[in-house]
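Asks: Dropping the structure in here first, questions after.
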Amino acid sequence: MARRIDGRAQARALRDRVANGVARLGEVHGPVPGLAVVLLGEDPASRVYVRRKGEQAREVGIRSFEHCLPADTPQAELLSLIDALNRDPGVHGLLVQLPLPDHIDEAAVIAALDPAKDVDGFHPLNVGALAGGGEGLVPCTPLGCIELLKGHLGDLTGKHAVVLGRSRIVGRPLASLLLREDCTVTVAHSRTPDPAKVCRQGDILVAAVGQPGLVQGDWVKAGATVIDVGITRLGDGEDTRLVGDVDAACVGRVAGALTPVPGGVGPMTIACLLHNTLVAACRQHG
Ligand code: GUN
């Protein structure tokens with residue numbers, strides 16, 4: 001049976017490292033890092049994420065500023081809030097929770113963020129820095145995947161990594177990060193003719209497509225390390241459960257190690273957000 005990669009334990013360890021970094025920054029008379037999160041509307045899942053981001057920030061000593069605005073907030077008002085937060089020296093990290101209501105131009109909002117405070121790593125300058133091998137802020141979920149892989153495998157040099165999915169938030173940035181780790185990288189997606197055959201080549205397989213149970217046992221090389229980024233809520237009312245992109249029952253018999261859903265990539269994402277906030281605060285402190 002595959003070993004279970006414990007995302008909760010690794011996230012706890014990363015949060016402890018961030019808490020130590022925050023304390024050390026204080027010792028050298030640096031600022032208390034501040035994270036501002038902006039939410040438009042009442043989407044229940046987004047509310048849960050925003051609440052968790054605030055709670056976990058405070059736990060590691062990061063100041064949290066939550067701005068919850070009505071769903072019908074005009075774009076100009078959102079942009080002027082972003083402008084104020086960009087200029088606020090107490091705010092080192094800034095993110096706008098997605099998805100945004102239809103009347104808001106998401107690209108315009110992301111472009112308005114100060115790239116130095118863009119702890120989601122979504123601003124075009126940070127996207128370009130990552131693709132070009134430069135030093136920007138890196139999206140949290142892909143960064144969490146790399147941390148889990150290195151925690152389990154150590155050095156990733158020379159491994160063949162297959163990324164299933166080419167999204168802006170996970171697949172594409174993750175492919176760049178794996179290249180930075182000196183992996184051989186293949187990206188498979190919805191137009192790949194035989195995705196199972198491609199996935200089977202991976203020493204590492206990361207599934208990030210949002211299709212519950214897509215990856216079966218015969219998609220996986222024996223002994224491979226499998227990271228399941230998919231989180232889909234199935235069922236309704238009281239009777240719901242979270243499922244990943246990987247059919248864990250059959251893949252667990254083939255893979256060498258597998259992340260569970262929940263308790264795998266999910267907890268790492270917020271821990272990486274806190275890490276990015278600390279990095280941003282240190283860079284702004286100089
Ligand atoms: N909504 C779902 N995932 C994310 C994320 O990583 N960042 C933001 N800002 N919104 C999200």
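Asks: Filter the range 233-278 down to residues that are among the β-branched types (Val, Ile, Thr) and surrounded by fewer than 24 Cβ atoms within 10 Å (Cβ to Cβ), then give me how many there are.
Replies: Keep residues of the range 233-278 that are among the β-branched types (Val, Ile, Thr), which gives 240, 243, 246, 251, 254, 259, 261, 265, 269-270, 277.
With the extra rule that they be surrounded by fewer than 24 Cβ atoms within 10 Å (Cβ to Cβ), the set shrinks to 240, 243, 254, 261, 269-270.
Matching residues across the range 233-278 total 6.
Asks: Is one or more of the residues making up the range 226-239 farther than 17 Å from Val170 by Cα and hydroxyl-bearing (Ser, Thr, Tyr)?
Replies: No, because not a single residue in the range 226-239 is farther than 17 Å from Val170 by Cα and hydroxyl-bearing (Ser, Thr, Tyr).
Asks: Could you please let me know if Arg191 is closer than 14 Å to Gly165 by Cβ, among the basic types (Lys, Arg) and in the same structural domain as Ala255 (by TED's automatic domain parsing)? Show your work before the answer.
Replies: Values: closer than 14 Å to Gly165 by Cβ: yes; among the basic types (Lys, Arg): yes; in the same structural domain as Ala255 (by TED's automatic domain parsing): yes.
It is true that Arg191 is closer than 14 Å to Gly165 by Cβ, among the basic types (Lys, Arg) and in the same structural domain as Ala255 (by TED's automatic domain parsing).
The rows are residues; the columns are (1) more than 22 Å from Gly266 (Cα to Cα); (2) within 13 Å of the ligand (Cβ to nearest atom); (3) outside the structural domain of Glu42 (by TED's automatic domain parsing); (4) of a type in the set (Val, Ile, Thr).
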position: Gly61; (1), (2), (3), (4): no, no, no, no
position: Ala71; (1), (2), (3), (4): yes, no, no, no
position: Pro74; (1), (2), (3), (4): yes, no, no, no
position: Leu81; (1), (2), (3), (4): yes, no, no, no
position: Leu85; (1), (2), (3), (4): yes, no, no, no
position: Pro101; (1), (2), (3), (4): yes, no, no, no
position: Gly121; (1), (2), (3), (4): no, yes, yes, no
position: Gly128; (1), (2), (3), (4): yes, no, yes, no
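Asks: Quickly run through the range 130-147 and pick out the residues that are away from the ligand (no atom under 16 Å from the Cβ) and not in a loop (DSSP other than H, G, I, E, B). Before the answer, list the steps.
Replies: The first filter runs over the range 130-147 and keeps only residues away from the ligand (no atom under 16 Å from the Cβ), leaving 131-135.
Across the range 130-147, the qualifying residue is only Ala131.
Asks: Continuing with this model, one more query. Would a scan of the range 186-208 turn up a residue that is out of contact with any helix residue (DSSP H, G or I) (no Cβ under 9 Å at 6 or more places or on another chain) and within 17 Å of Val127 (Cβ to Cβ)?
Replies: Looking through the range 186-208, none of the residues is out of contact with any helix residue (DSSP H, G or I) (no Cβ under 9 Å at 6 or more places or on another chain) and within 17 Å of Val127 (Cβ to Cβ).
Asks: In the set Gly134, Gly158, Gly128, which member is modelled with pLDDT under 95, surrounded by fewer than 19 Cβ atoms within 10 Å (Cβ to Cβ) and closer than 16 Å to Arg180 by Cα?
Replies: Values: Gly158 fails: modelled with pLDDT under 95; Gly128 fails: modelled with pLDDT under 95.
Result: Gly134 is the single residue among Gly134, Gly158, Gly128 that is modelled with pLDDT under 95, surrounded by fewer than 19 Cβ atoms within 10 Å (Cβ to Cβ) and closer than 16 Å to Arg180 by Cα.
Asks: Additional query: If I ask for residues that are more than 16 Å from the ligand (Cβ to nearest atom) and touching a residue at least 60 places away in the same chain (Cβ under 8 Å), which ones from the range 246-278 would you list?
Replies: Filtering the range 246-278 down to residues more than 16 Å from the ligand (Cβ to nearest atom) leaves 246-260, 263, 278.
Of everything in the range 246-278, those that are more than 16 Å from the ligand (Cβ to nearest atom) and touching a residue at least 60 places away in the same chain (Cβ under 8 Å) turn out to be Val251, Gly252, Arg253, Val254, Ala255, Gly256, Ala257, Leu258, Thr259, Pro260, Gly263, Leu278.
Asks: Here's something else I'd like to know. So which residues in the range 122-157 are touching a Cys at 6+ places or on another chain (Cβ under 7 Å) and either under 15 Å from Thr277 (Cβ atoms) or without any contact (Cβ under 8 Å) to a residue 40 or more places away in the chain (or both)?
Replies: Within the range 122-157, Cys140, Leu143, Gly144 meet the criteria.
Asks: Oh, and also: Among the numbered criteria (1) touching a strand residue (DSSP E or B) at 6+ places or on another chain (Cβ under 6 Å); (2) under 16 Å from Leu273 (Cα atoms), which single criterion is violated by Glu59?
Replies: Of everything listed in (1) touching a strand residue (DSSP E or B) at 6+ places or on another chain (Cβ under 6 Å); (2) under 16 Å from Leu273 (Cα atoms), Glu59 misses just condition (1).
The values are calculated or read from the model by the stated rules, or taken from the named source; none is laboratory data. Because the structure is a prediction, the values reported are computed rather than measured. Methodologically, a virtual Cβ is constructed for each residue, glycine included, from the backbone with ideal geometry; neighbour enumeration extends over all protein chains shown.
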